[in-house]
Amino acid sequence: MKSILFNEKMLRAVISGKKTQTRRVSHIQPPDGRENWTYGLNIGVRGKNDGKINYLIVENKIMVKESDDRYFSPKYKEGETIYIKEPYAITETARLLIYQHEIDPCERDFYKWKSPLFMPESFARIFLKIKNVRLERLQKMKIPPFLFDCLKEGFNSQAMFIETWDEISKTGYKWRDNPFVFVYDFERVERPK
């Protein structure tokens, strides 16, 4: 099962039910000045067989030729269940699994936290089902829903969203760069059996 990371603020928003959408940068961007990717557009990728990727965008939905799916596609697919990785610790005395989010910040120094990067699926407690995937330019977010999403996710304004985006984004993927992002709508679900 695939996993996803959120910072603590966003994790709290997911747990409270306020956050039901995330944007993740498409690490392959179309050539400069090209606003849409269309079927037949070849984008070179070094080290990938012939280096050509074909994409078709229809009403903001991503259609990928099956043979090219392994090269360049959204990390998560519609209908897929994923788990959230988060910092965790195993208490030394009782051998209990605890999550950093649940511990008062003043008491966190008493535990030896493990990086969320290495959290196994078996330790996960939060699972998400991907409901919808689409591709859009970061700045193409519609203003009224954008502001609603900001408030819903704990941001007080568009400026606060932009500041947070720029803090966590790598060079080349900042707000001003207006990168293409995959938008994932999700819902919380129980642990799959």
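The values are calculated or read from the model by the stated rules, or taken from the named source; none is laboratory data. These numbers were taken from a predicted model, which means no experiment stands behind them. All Cβ positions, glycine included, derive from the backbone under ideal geometry; neighbour counts span all protein chains shown.
Table for the structure above
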{"item": "Residue count, the range 115-132 (criterion: outside any helix (DSSP H, G or I) and buried (at least 16 other Cβ atoms within 10 Å of the Cβ))", "result": "7"}
{"item": "Test: PHE180 is at pLDDT below 85 and touching a Ser or Thr at 6+ places or on another chain (Cβ under 7 Å)", "result": "yes"}
{"item": "Matching option when the condition is outside any loop (DSSP other than H, G, I, E, B), at pLDDT below 90 and either loosely packed, with under 15 Cβ neighbours inside 10 Å or in contact with a strand residue (DSSP E or B) (Cβ under 8 Å, 6 or more places away or on another chain) (or both), among ILE4, ILE57, ILE84", "result": "ILE57"}
{"item": "Scope the range 158-193; condition within 23 Å of LYS129 (Cα to Cα) and basic (Lys, Arg); matching residues", "result": "ARG188, ARG191, LYS193"}
{"item": "Test set (1) at pLDDT below 90; (2) more than 15 Å from the chain's Cα centre (by Cα); (3) outside any loop (DSSP other than H, G, I, E, B) - LEU135 fails condition number", "result": "(2)"}
